[in-house]
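Asks: Dropping the structure in here first, questions after.
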Ligand code: ZN
């Protein structure tokens, strides 16, 4: 059995929390509409890999995102182990109203806005200030229902339209959202523009300025730097990550930008480093193979192609 020396691990966290976002961030951005039965089977499998957090769907208008039009059916049909926290994403109060009709089926609400005005306008046709104002109400109402609430700030590390996004602006927005009652704040590298030095500086500052709220890293592998960025965040003490089985998903704006980091690649890297994820990699790879077969084409995940590392040798 090989294990990392204490010197090699440095002061890394002993364990991390991973939220699987493939059923939402992934399925939403795939061109195919996946059948409800397939979604239910896949989410059930993901909830039995040891992942303790799963984002199941989004309560958005069906004409805007037809891929998730069956969100309520999926939520009603899946079979949640009691130690798994399920999330639903809501864009606004109407989405929250629709989600609350199934309130006993989930524990956590995810909200989102963009740090960049142009991306926010393209995504939800609102200014950032208008989005923040709307979210204050959504957050307060969800908290009033006893739900845990997170907001992911998209384009936290760069915007495809505006380029540089000011770190202070992102952290100020995060402070406003924490004050509005968020339990957790996520920082999204929506189109894969972040680099590890930037991420290290960002999370160091974020941990200094945002106390008492969980900070989550949401990286995309658009330019192949997702895992390097995850390591940089981990080294600042970040213990909460979002990723997508199979490397599904990404962001529809701009067209063609794809790829959350693959959950199985993240789990493989962390476990090999001695950072516990709680996830059974073999079971997770089984779910990734299943979704690959459903979609009928190769996926971006590296570990899905190569398999888990076998330190004892494949032929032994
Ligand atoms: Zn994403």
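All of the numbers you see were taken from the coordinates with simple rules; none came from a lab. Computed from a prediction, not measured in an experiment: that's the story for all the values here. Positions of Cβ are backbone-derived with ideal geometry, glycine not excepted, and every protein chain shown enters the neighbour counts.
Asks: For a quick check: sort 220, 164, 119 by the number of other beta carbons within 10 angstrom, fewest at the front.
Replies: 164, 119, 220
Asks: Taking N as the number of residues in the chain, what is its alpha-carbon radius of gyration divided by 2.2 N^0.38 Å?
Replies: For the chain, the normalised Cα radius of gyration comes out at 0.94.
Asks: Under the classification rounded if a/c is under 1.5, otherwise prolate if a/b is larger than b/c and oblate if not, where does the range 158-274 fall, given a ≥ b ≥ c as square roots of the Cα gyration tensor eigenvalues?
Replies: Oblate is the answer for the range 158-274, as a/c is 1.5 or above yet b/c matches or exceeds a/b.
Asks: So what is the 222 nm mean residue ellipticity for the chain from helices alone, if each DSSP H run of at least 4 adds -39500 (n - 2.57) and you divide by all residues, rounding to the nearest 500 deg cm²/dmol? Don't skip to the end; give the middle numbers.
Replies: Details: 12 runs with 122 residues, N = 316.
That calculation yields -11500 deg cm²/dmol at 222 nm.
Asks: Using a Förster radius of 25 Å, what is the FRET efficiency between residue 166 and residue 214 based on their Cβ-Cβ separation? Nearest 0.05, please.
Replies: 0.60
Asks: Sticking with this structure for a sec: Report the Cα centroid-to-centroid distance between the range 98-148 and the range 263-299 in angstrom, as an integer.
Replies: The two parts, judged by their Cα centres, are 29 Å apart.
Asks: So for each of 290-298, 68-76, 181-189 I average, over its residues, the number of other beta carbons within 10 Å; can you give me the resulting order with the highest mean first?
Replies: Ranking, from highest mean packing down: 181-189, 68-76, 290-298.
Asks: How would you rank 17-24, 49-56, highest first, on the average number of other Cβ atoms within 10 Å across their residues?
Replies: Going from most to least packed, we get 17-24, 49-56.
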